[in-house]
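Worksheet for the structure shown next.
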Amino acid sequence: MASEAQLTLPLCPPTPASFEQFIGDEANDAAVRALRHFLATPNETLFFLAGEEGTGKTHLLTAACAEVEHLGARCAYAPLAEAVALSPELLSDWEQYDLICLDDLDAIAARNDWEETVFHLFNRVRDAGHRLLISAPRLPALLDIELPDLRSRLQWGTSFRLRMPDDALKQLILKNRAHQRGMRLNDPLADYLLRHYDRNLGRLMCLLDRLDKVSLARQRRLTLPFVRSVIADMASERQG
């Protein structure tokens, strides 16, 4: 029977994504092709994605989970920035999964119990012939991981660094996500969000989620006054 900690941590990504929904430049598209090749040809144990917040790391990890599950395999996903509040024992027996996705590995840096656990998990996954997909803001050699054996293991696989999209690409990503949610985000509105709200793509996506919920609840379409009012409400909530 699973422990309470294991039940608390989602084994599946809460918001599934797909590779087809990922919009990137030429360099990031190359990373996606390499990742899909890694998933299709299990010759390596580890694939490592590095990139700043907003470059799409979590999107690609959730897309990888969706792809392997579509093929009948099993995937486990751990958002380590949240999971470190729990016991690392929750990763016990995870080598049984065909693909294990560890998001934000930097969150366990200098946490001896977590570093040891991930190191031993790596070895068990390799012995089982399964695979690890890991993300962090920086490449493995630049992380503040203290356990030498884990630092070494993290450099065994294929690594790619995702580039931050420029404003034109961010605008395209925003409009595409809005379209997927049934909202029409025109160019002036997308430009307004980039100029006056936040240039961080992750936080912009959170804003789109909020706009979607509020527009449905109020039966409103996206207009500049409506968007401004939702942003003002969010600012008031943070201050309160």
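Can you work out which of the residues in the stretch 69-126 that are closer than 18 Å to P137 by Cβ and β-branched (V, I, T) is modelled with the lowest pLDDT?
For the stretch 69-126, the residue satisfying everything is V84.
Which condition does T55 not pass, out of (1) under 25 Å from R33 (Cα atoms); (2) in a helix (DSSP H, G or I); (3) among the hydroxyl-bearing types (S, T, Y), if it passes all the others?
(2)
Restricting attention to the stretch 148-182, report how many residues are small (G, A, S) and either farther than 30 Å from K213 by Cβ or surrounded by 14 or more Cβ atoms within 10 Å (Cβ to Cβ) (or both).
Qualifying residue count for the region: 4.
Would you kindly identify the helices (runs of 4 or more DSSP H) lying entirely within the stretch 121-240 that contain at least 1 residues that are not assigned by TED's automatic domain parsing to the domain that holds T58?
So the answer is 167-180, 187-196, 201-218, 224-239.
For the stretch 63-104, how many residues are in a helix (DSSP H, G or I), buried (at least 22 other Cβ atoms within 10 Å of the Cβ) and touching a residue at least 40 places away in the same chain (Cβ under 8 Å)?
4
Filter the stretch 152-200 for residues that are among the basic types (K, R) and closer than 24 Å to A27 by Cβ and give the result.
Listed by number, the residues that qualify are R161, R163, K170, K175, R177, R199.
May I ask you to list pairs of residues, at least six apart or on different chains, whose Cβ atoms are under 9 Å apart, with the first in the stretch 169-193 being without any contact (Cβ under 8 Å) to a residue 60 or more places away in the chain and closer than 20 Å to S229 by Cα and the second being assigned to a helix (DSSP H, G or I) and of a type in the set (V, I, T)?
Taking only residues 6 or more apart or on different chains, the pairs are L189/V227; Y192/V227; L193/V227; L193/I231.
Does the stretch 18-25 contain any residue that is in contact (Cβ under 8 Å) with a residue 12 or more places away in the chain and in contact with a strand residue (DSSP E or B) (Cβ under 8 Å, 6 or more places away or on another chain)?
Checked the stretch 18-25: no residue is in contact (Cβ under 8 Å) with a residue 12 or more places away in the chain and in contact with a strand residue (DSSP E or B) (Cβ under 8 Å, 6 or more places away or on another chain).
Which is surrounded by 13 or more Cβ atoms within 10 Å (Cβ to Cβ), hydrophobic (A, V, I, L, M, F, W, C) and under 26 Å from G51 (Cα atoms), of L189, L211, L185, L193?
Just one listed residue meets the conditions, L193.
The values are calculated or read from the model by the stated rules, or taken from the named source; none is laboratory data. Values in this document were obtained by computation on a predicted structure and should not be read as measured data. We place every Cβ from the backbone using ideal geometry, glycine too, and count neighbours over all the protein chains shown.
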